[in-house]
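The values are calculated or read from the model by the stated rules, or taken from the named source; none is laboratory data. The structure displayed is predicted, hence computed values, not measured ones. Heads up, the Cβs are rebuilt from the backbone with ideal geometry, glycines too, and the neighbour counts pull from every protein chain shown.
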Amino acid sequence: MMNQSKCNQSPIRIVPTIFSRLPLSLDLRWQPADGVPVWGAHGLEVRFKPNPLNGIALDDVDFILEHFHFHRPSEHYRADVQFDAELHIVHKTGDGRKAAVIAVFLTVSDQADDAVDLSFFEALAERTGDNASVPLNPRGWLPPRTASAIRYEGSLTTGDHEEIVSWVVLGELRITSAQYRLIFGETKPHARELQDLNRRYVVEFPWAPNAP
Ligand SMILES: [Zn+2]
């Protein structure tokens, strides 16, 4: 379905305009699952077989985990800061008409936190063919000590930029340079330019991941 307005586009510069006192209604229902790694035009993509039990509930709407992919450098900025890379964990509603994307900023550091999902990288480094799968739970990609989350309404940042995305932008996670190379290989940098905020709100909520 084409959306003609094109005034609620992504990415944006993240500067919260509203600070909520109530926590974000985001329930993580992710489960460990086998993802299929695929090389996209701008790096690694990991796709999942749709499973209604593997996803999230955002503002009481159920979204199913579809895939995750990366951009370098980051597409969103936090104030004036652009990060080395950005992870997008993409979910869709059952009818495919709405998406919820959880974004995590990635910074390359060889003193990386061990919070990142190391078993994923081990499996990725050893995978033999395009149909090999890697075990993954997106929980392994949440920034350590997450205490807040940013919400705004926007668009896909590739393709026809449909304005169907509820964005949740979390904090920053460190990865090593070896992990960065596994994610991006020889692909070219790819990040859409910043878009105007127009009449939108950027809301910061208190939020911590619920227990599995
Ligand atoms: Zn993306």
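Under the condition of being farther than 18 Å from Val101 by Cβ and among the charged types (D, E, K, R), the residues counted in segment 7-55 number 3.
Matching residues to (1) closer than 15 Å to Thr158 by Cβ; (2) under 16 Å from the mean Cα position of the chain (by Cα); (3) within 14 Å of the ligand (Cβ to nearest atom):
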position: Gly40; (1), (2), (3): yes, yes, yes
position: Pro50; (1), (2), (3): no, no, no
position: His69; (1), (2), (3): yes, yes, yes
position: Asp80; (1), (2), (3): no, no, no
position: Lys98; (1), (2), (3): no, yes, no
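Looking for whichever is modelled with pLDDT of 95 or more, within 16 Å of the ligand (Cβ to nearest atom) and either surrounded by 13 or more Cβ atoms within 10 Å (Cβ to Cβ) or farther than 20 Å from Glu162 by Cβ (or both) here; the options are Ile14, Ile64. Which one fits? Steps first, please.
Working: Ile64 fails: within 16 Å of the ligand (Cβ to nearest atom).
Result: Ile14 is the single residue among Ile14, Ile64 that is modelled with pLDDT of 95 or more, within 16 Å of the ligand (Cβ to nearest atom) and either surrounded by 13 or more Cβ atoms within 10 Å (Cβ to Cβ) or farther than 20 Å from Glu162 by Cβ (or both).
Being surrounded by 13 or more Cβ atoms within 10 Å (Cβ to Cβ), of a type in the set (Asp, Glu), free of Cβ contacts under 8 Å to residues at least 40 places away in the same chain and closer than 26 Å to Ala211 by Cα is a property that Glu86 lacks.
Considering the conditions (1) hydroxyl-bearing (Ser, Thr, Tyr); (2) touching a residue at least 40 places away in the same chain (Cβ under 8 Å); (3) out of contact with any helix residue (DSSP H, G or I) (no Cβ under 9 Å at 6 or more places or on another chain), Thr93 is excluded by exactly one of them, (2). For segment 143-212, the strands (runs of 3 or more DSSP E) that sit wholly inside it and include 1 or more residues that are on the phi < 0 side of the Ramachandran plot and free of Cβ contacts under 8 Å to residues at least 60 places away in the same chain are 148-154. Scanning segment 106-132 for residues that are closer than 21 Å to Glu66 by Cβ and either modelled with pLDDT of 85 or more or in a helix (DSSP H, G or I) (or both) yields a total of 4.
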